[in-house]
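In what follows, a single structure is set out as structure tokens and then discussed.
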Amino acid sequence: MVVEDVRRLARVAGGAALALACGWAGAQSVPTHFGTVVGNGLLCRDHTDHIFFYNYFVKHFGNWYKHEGGAYWFRTAGASLWGTEISEVMVSDDTSSFVFVGAVAEATPEDLERAIIRQVGAHYTVIDTSAYPVREAKPASRIVYFDTKSKIYCARYKPLPPTQPPPVGQQRLK
């Protein structure tokens, strides 16, 4: 148990050292382009690149505070999207078969959906009949219940690595 705690502390300290070396230590405020970059990412309006979002979140919000569910989680004090407070953002790690970016909104899914419709015009469809239905918009953005709050995310299958043609002389016979 102690060894795990020491390793975790070393990772956090390493992240802090990296932040200091890159000049990110004091840059923990919500950037003016948060709505454009993160908002469009959550609505699946752009390429979903988990490395880009990870670096963006570290630069503007500091090191992640937890790593769970195949994602790095960041606190986003003072952030808002579509007139709704965003308390946390998350981005996938390499363990998932999906690449995703998500956010926790301090609103119910119904209120978040109304805010998005009002500001952006994107409409969501309820895609199940459970007590806590999932809402989905095209191309693939989803809003789900997260206790008394909501979580919005864009998830896409992780792209396969590029394939190389076999070396000359080793082509398959037809």
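The values are calculated or read from the model by the stated rules, or taken from the named source; none is laboratory data. Quick caveat: nothing in here was measured; it's all calculated off a predicted structure. Positions of Cβ are generated from backbone atoms using ideal geometry, with glycine treated the same way; all protein chains shown enter the neighbour counts. These area figures cover heavy atoms from the full protein model, side chains too; ligands, DNA and RNA do not enter into them. Shrake-Rupley method; radii C 1.70, N 1.55, O 1.52, S 1.80 Å.
Of note:
- In the full protein context, segment 71-127 carries 43 Å² of accessible surface per residue, based on a 1.4 Å probe and ignoring ligands, DNA and RNA.
- Full-extension gain in nm, Lys138 to Thr163, via 0.36 nm per residue minus C-alpha separation: 6.0 nm
- Amide H partners (placed H, <5 Å) of Asp93, local residues excluded: Ala71, Tyr72
- Spatially proximal aspartates and glutamates relative to Lys151 (Cα-Cα < 20 Å; intrachain offsets below 8 disregarded): Asp46, Asp49, Glu68, Glu85, Glu88, Asp93, Glu106, Glu110, Asp111, Glu113, Asp128, Glu136
- Pairwise FRET efficiency - Asp147 versus Phe52, Cβ, R0 = 30 Å, nearest 0.05: 0.55
- Each residue of segment 139-152 was assigned a 3J(HN,Hα) from its phi angle through the Karplus expression (A = 6.51, B = -1.76, C = 1.60, θ = phi - 60°), giving x, 6, 5, 10, 10, 10, 5, 9, 6, 8, 10, 9, 10, 10 Hz with x at Gly and Pro.
- FRET efficiency estimate (nearest 0.05) - Cβ-Cβ, Asn40 to Val126, R0 22 angstrom: 0.40
- Thr84, Thr36, reordered so the largest accessible area comes first (probe 1.4 Å): Thr36, Thr84
- Once both labels are positioned 7 Å from their Cα atoms along Cα-to-Cβ, the gap between Thr108 and Arg75 label points is 2.8 nm.
- Sites Thr32 and Gln119 - FRET efficiency at Förster radius 22 Å, r taken between beta-carbons, to 0.05: 0.85
- Over segment 83-147, volume per residue of the alpha carbon convex hull, in Å³: 108 Å³
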